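*Asks:* Below is a structure I'd like to ask you about.
The values are calculated or read from the model by the stated rules, or taken from the named source; none is laboratory data. Just so we're clear, the structure is a prediction, and the values are computed from it rather than from any experiment. With ideal geometry, Cβ positions are generated from the backbone for all residues, glycine too; neighbour counts draw on all protein chains shown.
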């Protein structure tokens with residue numbers, strides 16, 4: 001089995017990219033993603049990874065370079081954050097629609113203005129509907145594993161979709177954690193070389209990215225939607241096979257102490273580990289509270305989520321982004337709509353917390369559960385609340 | 001061959017990268033330029049197009065005019081997508097995953113996609129030294145969206161966003177010199193060309209694509225629709241642009257300037273303007289102002305030729 005070592009999570013991500021033997025890396029520096037690209041350029045310049053490192057002049061070009069390299073059949077990688085993501089977002093949509101399985105690690109960071117280098121999920125939520133498979137990692141091990149899993153799943157000929165691995169900026173990306181690495185032999189068993197059916201090759205000319213008139217656009221979009229939905233079995237298979245090789249099994253929704261739980265906290269990303277502490281403390285006091293951690297955001301795991309949520313009386317959803325003037329946090333609003341047609345559905349309380357790395361401590365989760373329960377007792381339908389605003 | 005002044009169809013390579021059936025307007029010199037460039041570059045090529053007329057007219061799904069592998073991603077990123085294709089091919093060949101052979105990477109974009117919205121991506125690609133050829137087919141405005149001005153629109157020209165108004169008589173800025181911007185990156189090959197000089201254009205495309213490292217060719221492409229000129233005058237207008245000195249043909253090889261066509265005497269700019277509706281409103285004073293500028297710029301070019309020893 002792999003070696004367990006203490007390392008910064010960004011370095012673990014780079015290790016996974018090296019083990020995946022990528023061909024092209026194109027990235028532009030932005031805090032807090034920088035350690036990944038720095039480490040990857042060291043690999044390339046030291047001859048430890050045989051790849052082209054393209055030091056582009058912007059994130060827009062980073063994604064454009066990856067589109068071009070992936071289209072000729074080269075395994076490609078990029079990583080970014082925040083403003084970088086929204087600058088490249090135009091091409092993020094193109095990459096998915098053109099079925100180019102680029103892999104991107106996102107060190108999630110707030111969007112400007114005011115400028116903030118700290119962590120929340122406002123960046124990735126701005127491209128929620130980009131058509132990429134989207135994972136959320138909780139810790140360094142998740143990040144390392146999911147870079148490898150992403151290549152395996154995204155490049156599968158039944159999928160051919162790009163994949164984002166989300167990790168919280170700083171609170172995950174910059175933390176030194178014990179990470180169990182996977183050796184090259186095991187990676188090679190899990191991840192076959194990238195051999196797409198269609199590439200830009202003078203021997204077999206193809207036209208990619210043609211113009212489509214209204215007579216075909218709807219069909220193209222329907223096909224894209226079906227492709228994202230149809231990736232689910234491969235995603236599950238990818239986790240299963242990875243688990244069989246490493247002993248680490250992953251699920252679309254990770255459940256923690258949900259047995260007999262009447263109230264379920266729901267988190268996505270790194271704060272899930274803090275929420276586990278809070279659940280332990282509440283359980284110690286005999287409160288029937290459990291936790292659901294969303295690992296897969298796209299395709300949305302409707303079936304798994306409904307099953308996990310069905311027995312609860314109330315969900316307390318902690319969002320890390322906000323839809324201004326809208327239904328609150330994006331996660332809660334999607335969970336609500338996923339439950340709407342269910343005959344018996346839990347109430348959904350929504351707290352937007354941890355913007356720009358504002359600390360969300362175990363007692364904050366307890367406070368959120370208390371407030372949601374209080375509102376519930378008063379017979380009030382819980383609404384969204386931006387938690388912890390200093391007044 | 002280089003100086004061949006006549007068009008002889010039998011001397012043109014038979015292969016067509018950019019085939020029949022495209023939907024360009026009658027008399028489109030941009031389509032002609034790309035067809036000639038395709039003949040010169042040969043079959044072993046990956047072509048990357050920016051959004052624009054040529055992308056729209058050549059690939060209405062499920063049809064395509066491209067007989068070579070071709071990709072379009074977006075408007076401003078042809079140079080970046082080409083960078084990726086070049087890097088990907090390089091890595092795959094080095095790692096033994098595809099056979100070693102020369103595959104040229106060709107990026108194609110209009111003047112808007114190059115000198116306006118694409119200028120950052122092209123500057124990055126030239127500076128990084130990718131081995132590719134970038135061809136800008138410049139028809140001096142955003143023709144695909146309906147003849148709006150770009151930074152490549154010449155001074156005085158009337159477009160839909162620089163109309164010849166009662167107070168402001170058309171475009172108020174001088175044409176951005178994109179070839180000079182490319183040359184400022186110290187790349188091994190820069191040239192200007194025009195399909196009215198087909199053999200010169202093909203020769204330059206051949207040179208540019210075969211030069212290791214980045215190469216840039218700026219092609220003047222007459223657009224009858226946007227220039228409000230007769231569709232059968234495209235070739236003549238291209239020649240007039242060169243003969244008046246408005247669009248001189250030259251190469252910059254490793255920093256050395258060399259004029260490809262240097263007429264003993266330049267024709268008056270009016271000869272060129274007379275055939276185009278976009279310049280119809282120009283007054284005598286305005287034409288004089290342009291004439292002075294053209295003479296000055298032409299002299300500057302000749303001085304660059306003398307100074308860099310490219311003569």
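*Asks:* For residue A:195, only one of the following conditions fails: (1) outside any loop (DSSP other than H, G, I, E, B); (2) within 11 Å of chain B (Cβ to nearest Cβ). What is its number?
*Replies:* Of everything listed in (1) outside any loop (DSSP other than H, G, I, E, B); (2) within 11 Å of chain B (Cβ to nearest Cβ), residue A:195 misses just condition (1).
*Asks:* Sticking with this structure for a sec: Determine whether residue A:19 is out of contact with any strand residue (DSSP E or B) (no Cβ under 9 Å at 6 or more places or on another chain) and crowded, with 21+ Cβ neighbours inside 10 Å.
*Replies:* Numbers: out of contact with any strand residue (DSSP E or B) (no Cβ under 9 Å at 6 or more places or on another chain): yes; crowded, with 21+ Cβ neighbours inside 10 Å: yes.
Considered against the rule, which asks whether it is out of contact with any strand residue (DSSP E or B) (no Cβ under 9 Å at 6 or more places or on another chain) and crowded, with 21+ Cβ neighbours inside 10 Å, residue A:19 comes out as yes.
*Asks:* A further question follows. Tell me, which helices (runs of 4 or more DSSP H) wholly within region B:11-116 include 3 or more residues that are farther than 20 Å from residue A:26 by Cα?
*Replies:* Values: elements: B:29-41, B:53-58, B:78-94.
Answer list for region B:11-116: B:29-41, B:53-58.
*Asks:* Still on this structure, please answer the following. Inside region B:108-127, can you point out the residues that are free of Cβ contacts under 8 Å to residues at least 60 places away in the same chain and either within 30 Å of residue B:147 (Cα to Cα) or facing another protein chain (nearest Cβ under 7 Å) (or both)?
*Replies:* Hits for region B:108-127 are B:116, B:117, B:120, B:121, B:124.
*Asks:* Quickly run through region A:259-293 and pick out the residues that are farther than 24 Å from residue A:109 by Cβ, surrounded by 16 or more Cβ atoms within 10 Å (Cβ to Cβ) and either touching a helix residue (DSSP H, G or I) at 6+ places or on another chain (Cβ under 7 Å) or not assigned by TED's automatic domain parsing to the domain that holds residue A:309 (or both).
*Replies:* A:263, A:264, A:278, A:282, A:289, A:290, A:291, A:292
*Asks:* Let me ask another. Which one of B:56, B:73 is within 7 Å of another protein chain (Cβ to nearest Cβ) and either closer than 19 Å to residue B:203 by Cα or surrounded by fewer than 24 Cβ atoms within 10 Å (Cβ to Cβ) (or both)? Working first, answer last.
*Replies:* Values: B:73 fails: either closer than 19 Å to residue B:203 by Cα or surrounded by fewer than 24 Cβ atoms within 10 Å (Cβ to Cβ) (or both).
Going through B:56, B:73 in turn, the sole match is B:56.
*Asks:* Looking for whichever is touching a residue at least 60 places away in the same chain (Cβ under 8 Å), facing another protein chain (nearest Cβ under 7 Å) and surrounded by 21 or more Cβ atoms within 10 Å (Cβ to Cβ) here; the options are A:54, A:24, A:72. Which one fits?
*Replies:* That would be A:72, the only listed residue that is touching a residue at least 60 places away in the same chain (Cβ under 8 Å), facing another protein chain (nearest Cβ under 7 Å) and surrounded by 21 or more Cβ atoms within 10 Å (Cβ to Cβ).
*Asks:* Which of the following residues is over 20 Å from residue A:183 (Cα atoms), without any contact (Cβ under 8 Å) to a residue 60 or more places away in the chain and surrounded by fewer than 24 Cβ atoms within 10 Å (Cβ to Cβ): A:78, A:34?
*Replies:* Exactly one residue qualifies, and that residue is A:34.
*Asks:* Also, quick follow-up: Under the condition of being touching a strand residue (DSSP E or B) at 6+ places or on another chain (Cβ under 9 Å), in contact (Cβ under 8 Å) with a residue 12 or more places away in the chain and farther than 14 Å from residue A:64 by Cβ, which residue from region B:91-107 is farthest from the other protein chains (Cβ to nearest Cβ)?
*Replies:* The selected residue is B:106.
*Asks:* Mind listing whichever residues of region B:168-190 are buried (at least 19 other Cβ atoms within 10 Å of the Cβ) and under 27 Å from residue B:147 (Cβ atoms)?
*Replies:* Within region B:168-190, the first condition is being buried (at least 19 other Cβ atoms within 10 Å of the Cβ), and the residues that meet it are B:170-171, B:175, B:178-179, B:182-183, B:187, B:189-190.
Hits for region B:168-190 are B:170, B:171, B:175, B:178, B:179, B:182.
*Asks:* Assess whether residue A:111 counts as being farther than 20 Å from residue A:144 by Cβ, assigned to a loop (DSSP other than H, G, I, E, B) and either within 14 Å of chain B (Cβ to nearest Cβ) or in contact (Cβ under 8 Å) with a residue 24 or more places away in the chain (or both). Outline the logic, then answer.
*Replies:* On the way: farther than 20 Å from residue A:144 by Cβ: yes; assigned to a loop (DSSP other than H, G, I, E, B): yes; either within 14 Å of chain B (Cβ to nearest Cβ) or in contact (Cβ under 8 Å) with a residue 24 or more places away in the chain (or both): yes.
When the stated conditions are applied, residue A:111 passes them.
*Asks:* So for region A:321-330 (the condition being part of a helix (DSSP H, G or I) and at pLDDT 95 or above), does at least one residue qualify?
*Replies:* Yes, region A:321-330 contains at least one residue that is part of a helix (DSSP H, G or I) and at pLDDT 95 or above.
*Asks:* While we're on this one: Would it be correct to say that residue A:124 is crowded, with 19+ Cβ neighbours inside 10 Å, touching a residue at least 24 places away in the same chain (Cβ under 8 Å) and either away from chain B (no Cβ under 14 Å) or in contact with a helix residue (DSSP H, G or I) (Cβ under 6 Å, 6 or more places away or on another chain) (or both)?
*Replies:* Against the criterion (crowded, with 19+ Cβ neighbours inside 10 Å, touching a residue at least 24 places away in the same chain (Cβ under 8 Å) and either away from chain B (no Cβ under 14 Å) or in contact with a helix residue (DSSP H, G or I) (Cβ under 6 Å, 6 or more places away or on another chain) (or both)), residue A:124 qualifies.
*Asks:* Here's a follow-up. Go through region B:39-53 and count every residue that is over 16 Å from residue A:68 (Cβ atoms) and facing chain A (nearest Cβ under 8 Å).
*Replies:* 2
*Asks:* Can you confirm whether region A:189-202 contains a residue that is within 23 Å of the chain's Cα centre (by Cα) and either at pLDDT below 95 or farther than 21 Å from residue A:99 by Cβ (or both)?
*Replies:* Yes, some residue in region A:189-202 is within 23 Å of the chain's Cα centre (by Cα) and either at pLDDT below 95 or farther than 21 Å from residue A:99 by Cβ (or both).
*Asks:* Let me spell it out: the conditions are (1) under 21 Å from residue B:156 (Cα atoms); (2) surrounded by fewer than 23 Cβ atoms within 10 Å (Cβ to Cβ); (3) touching a helix residue (DSSP H, G or I) at 6+ places or on another chain (Cβ under 6 Å), and residue B:243 meets all of them except one. Which number is the exception?
*Replies:* (3)
*Asks:* If I filter region A:82-96 for residues that are more than 29 Å from residue A:200 (Cβ to Cβ) and more than 10 Å from chain B (Cβ to nearest Cβ), do I get at least one hit?
*Replies:* So far as region A:82-96 goes, yes, one or more of its residues are more than 29 Å from residue A:200 (Cβ to Cβ) and more than 10 Å from chain B (Cβ to nearest Cβ).
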